[in-house]
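Below is one structure, written out as structure tokens; comments come after it.
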Amino acid sequence: MSTHINAPEGAIAPNILLPGDPLRAKFIAENFLEDAKCYNEVRGMLGFTGTYKGVPVSVQGTGMGQPSLSIYVTELFRFYGVQNAIRVGTCGAVSADTQLRDTIIVNAACSDSCLLNQRFGSLHFAPTASFPLVKTADSIAEKMGIRYQVGSVASSDFFYDKNENWKKWAEYGVLGIEMESAELFTLAAEHKRNAMAIMTVSDHILLGGQTTAEERQTTFTNMMKLALETIVAVNAKK
């Protein structure tokens, strides 16, 4: 039984977008989905289901950080049969080759989270995105003509990181710092589901500069369109 998602059986589509911000979920539902209906308002974490180009799609807010995302994604996989999950979120860039508002297609996620330690102990698991989703998104992004990169991010439990751990991640080619993708990829591996993440660079930790809260909520549409088109393309291959 789901504790944090109050949706009846069949209310959530097999394909889902996962923004951290529930208001971004609302924005996606209102601006991209047809006949979108709200299925969840528990704790203000909004969820909607509609269609995009005829394909059933849901969008569910997950909150900030890996523990919060873990709750929602576990319930989506375990109780609602979600098969394809795409995180659409923001990150802080740590690469000089990355600019504000760039799109990042995430193929792997490093992490400092104790969630991995609790699962694997002294073992080191490598959270990776589902290759068919990444391959499809890469092809679509190229056709869209947007500025994007494919690469890794680091999912940190720290937002205000006094230790500046981002510098070590950057040395090893990580493109950006965010807070959720590693847990999403790990849960997808556990439940044998497909998952990936598409990020928009909202601020630049290395070079400076940031976007506004309103921009983060309502204007990062490239990643939204890319995620939705990826879902349509993946479903067309079945």
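The values are calculated or read from the model by the stated rules, or taken from the named source; none is laboratory data. Note that the structure is predicted; figures quoted are calculated from it, not measured. All Cβ positions, even for glycine, are placed from backbone atoms using ideal geometry, and neighbour counts span all protein chains on display.
Candidates in the stretch 203-233 are the residues that are among the small types (Gly, Ala, Ser) and at pLDDT 95 or above; of these, the one that is nearest to the chain's Cα centre (by Cα) is Ala227.
The residue list Asn40, Asn31 contains one member that is surrounded by fewer than 16 Cβ atoms within 10 Å (Cβ to Cβ) and of a type in the set (S, T, N, Q), which is Asn31. Of everything listed in (1) without any contact (Cβ under 8 Å) to a residue 24 or more places away in the chain; (2) surrounded by 15 or more Cβ atoms within 10 Å (Cβ to Cβ); (3) of a type outside the set (Ser, Thr, Tyr), the single unmet condition for Leu123 is (2).
In the stretch 79-90, the residues that are farther than 15 Å from Asn235 by Cα and of a type outside the set (Ser, Thr, Tyr) form Cβ pairs under 6 Å with partners that are surrounded by fewer than 23 Cβ atoms within 10 Å (Cβ to Cβ) and at pLDDT below 95, at six or more places apart or across chains, as follows: Phe79/Ser2. Against the test of being surrounded by 14 or more Cβ atoms within 10 Å (Cβ to Cβ), modelled with pLDDT under 95 and part of a helix (DSSP H, G or I), the options Leu69, Leu133, Leu115, Leu76 yield a single qualifying residue, Leu115. For the residues Ala108, Ala141, the requirement of being surrounded by 14 or more Cβ atoms within 10 Å (Cβ to Cβ) and in a strand (DSSP E or B) singles out Ala108.
Of the listed requirements (1) surrounded by fewer than 22 Cβ atoms within 10 Å (Cβ to Cβ); (2) part of a strand (DSSP E or B); (3) over 15 Å from the mean Cα position of the chain (by Cα), Asn6 misses just one: (2).
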